[in-house]
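Engineer: Structure incoming, see below.
Every number in this text was worked out from the coordinates using simple rules, so none of it is lab data. Remember, predicted model here, so these are calculated numbers, not experimental data. All Cβ positions, glycine included, derive from the backbone under ideal geometry; neighbour counts span all protein chains shown.
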Amino acid sequence: MDLRQLEVFAKVFELRSFSKAAEKLSISQPTVSAHIQNLEDELGLRLFDRVGRKVIPTHEAKILYRYAVELLKKKEEALSELLSVTKKSKGTLRIAASNIPGDYLIPHILPKLKHIMPEVVIQVEILDSKKVVKQLKEAIPEYDIGFVGSKISDQRLEYKKILDDEIVLIAPSYYRSETIKVEGITKVPLIFREEDSGTRLTVEKALEEKGINPIFLDIVAFLGSNTAIKEAVRKGVGFGLVSKYSIQRELECNKLKTIKIEGLSIKRSFYAVRRKDITPIPAARTLWDNLEKFFNSVNT
């Protein structure tokens with residue numbers, strides 16, 4: 001016995017007519033008859049007597065109708081409350097994001113997000129990609145949704161691509177050369193991200209595909225953020241490999257420059273990630289459903 005059967009039953013009971021119930025519910029009369037027949041078979045009871053053109057409820061139908069009305073009323077109350085919550089989300093939307101999404105992409109979409117959910121507080125914590133995924137995999141996750149620069153497979157997780165990215169080599173603005181051969185990447189001092197960074201994982205994979213083992217790189221420092229890498233590069237500590245999204249202001253102000261690596265293009269994508277087995281809060285569902293609309297205007 002399901003709610004749809006009870007809805008059809010109640011309408012036949014009220015209208016004393018299969019055809020009128022079908023019209024009211026915008027379904028066919030045979031469908032109404034099938035629902036009633038299935039309900040009678042399931043209960044092992046006869047609910048309506050057909051006397052000529054009349055439909056007469058049985059005693060059992062009168063008992064069932066009282067409870068059907070209450071159940072259907074509760075259904076409408078639940079839907080109404082859920083719709084109210086969805087349209088007027090409140091509370092806190094907890095986001096875990098890797099460096100680039102957290103520092104550069106999410107701030108870009110905040111105006112749109114706040115416009116459609118003005119009463120929601122947005123809480124963003126910056127972690128590396130592996131830690132974002134690790135947090136979401138907890139029995140009771142601390143975050144509602146994550147943003148990462150690499151996909152880490154897990155059957156409990158669902159990913160959705162939001163943007164494509166390119167990792168570029170940066171140097172101080174006074175550096176004269178405009179290009180470097182891919183083999184030469186092992187001969188320049190490099191500033192790298194931390195071990196579990198999505199940027200670092202992508203760079204190492206791209207280099208390995210070109211036959212360059214990362215252990216032969218001249219790493220002078222490991223820093224935990226793109227901001228730190230940019231500052232170190234500006235000070236002449238070495239060269240950095242960072243997302244194109246993180247250097248627009250520095251390029252415009254001539255504080256840094258990009259160096260083309262001949263024979264090497266380091267591409268990746270950014271993803272939103274969430275748990276498939278946990279019902280999202282309304283604010284997280286709204287964000288997930290509107291990801292494409294929010295991020296399609298992010299300019300490089």
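Engineer: Take peptides 11-20, 95-104 and line them up by average Cβ neighbours within 10 Å, highest first, as a rough protection proxy.
Structural biologist: The peptides rank, most packed first, as 95-104, 11-20.
Engineer: For the range 40-45, just list the computed ³J(HN,Hα) in residue order, Karplus coefficients 6.51, -1.76 and 1.60, θ = phi - 60°, integers in Hz, with x standing in for Gly and Pro.
Structural biologist: Coupling constants for the range 40-45: 5, 5, 5, 7, x, 9 Hz.
Engineer: While we're looking at this one, here's another question. Collect residues whose amide H, placed 1.01 Å from N in the peptide plane, falls under 5 Å from the amide H of L223; neighbours closer than 5 in sequence don't count.
Structural biologist: F192, R193, E194
Engineer: Principal axes first, then extents: for the Cα atoms of the range 1-152, list largest minus smallest coordinate on each axis, whole Å, largest first.
Structural biologist: Largest to smallest, the principal-axis extents are 74, 31, 25 Å.
Engineer: Using the 10 angstrom Cβ neighbour count as an exposure proxy, how do V220, V133, V51 rank, fewest first?
Structural biologist: By the 10 Å Cβ count, ascending, the order reads V51, V220, V133.
Engineer: Calculate one ³J(HN,Hα) per residue across the range 47-64 by plugging θ = phi - 60° into the Karplus curve 6.51 cos²θ - 1.76 cosθ + 1.60, and present them in order as whole Hz with x for glycine and proline.
Structural biologist: 9, 9, 9, 9, 10, x, 8, 8, 10, 10, x, 7, 4, 5, 5, 5, 5, 4
Engineer: So how compact is the range 165-267: Cα radius of gyration and Dmax in angstrom?
Structural biologist: 12.3, 36
Engineer: So for the range 165-267, averaging the separation of alpha carbon pairs under 8 Å that are six or more residues apart and normalising by length, what relative contact order in percent results?
Structural biologist: 52
Engineer: Might you report the magnitude of the Cβ-based charge dipole of the chain about its Cα centre, with Lys and Arg at +1 and Asp and Glu at -1, to the nearest 20 debye? It would help to have the intermediate numbers written out before the result.
Structural biologist: Numbers: 50 positive and 41 negative charges, 140 e Å.
My answer is approximately 680 debye.
Engineer: Would you grab the residues whose amide H sits under 5 Å from the one on I162? Only those 5+ places off in sequence or on another chain, please, with H modelled 1.01 Å from N.
Structural biologist: F270, Y271, A272
Engineer: Rounded to a whole number of µm²/s, how large is the Stokes-Einstein D of the range 3-87 at 37 °C and 0.692 mPa s, given Rh as the Kirkwood radius over C-alpha pairs?
Structural biologist: Numbers: Rh = 13.5 Å.
Here the translational diffusion coefficient equals 242 µm²/s.
Engineer: Further, regarding this structure: Tell me, what HN-Hα J-couplings in whole Hz come from the Karplus equation 6.51 cos²θ - 1.76 cosθ + 1.60 at θ = phi - 60° for each residue of the range 270-285, using x for Gly and Pro?
Structural biologist: 9, 10, 8, 9, 8, 7, 7, 9, 10, 5, x, 5, x, 5, 5, 5
Engineer: Another question, then. Would you indicate which of (1) 97, 39, 32; (2) 117, 47, 24; (3) 64, 48, 39 is the value of Cα extents along the principal axes in Å derived from the coordinates of this structure?
Structural biologist: Computed from the coordinates, Cα extents along the principal axes in Å corresponds to (1).
Engineer: Report, ordered by chain and residue number, the aspartates and glutamates lying within cross-link reach of K137, taken as a straight Cα distance under 13 Å and ignoring same-chain residues fewer than 8 apart.
Structural biologist: Reachable aspartates and glutamates: D154, E158, D277.
Engineer: For the charge dipole of the chain, defined by +1 on Lys and Arg C-beta atoms and -1 on Asp and Glu C-beta atoms about the Cα centroid, which residue among L39, P141, S26 has the Cα displaced farthest towards the positive pole?
Structural biologist: Result: S26, furthest along the dipole toward the positive end.
Engineer: Moving on. Which whole number in µm²/s is D for the range 65-213 by Stokes-Einstein, with the Kirkwood Rh taken over Cα pairs at 20 °C and 1.002 mPa s? If you can, show how the numbers build up before the last one.
Structural biologist: Working: Rh = 19.3 Å.
This corresponds to a translational diffusion coefficient of 111 µm²/s.
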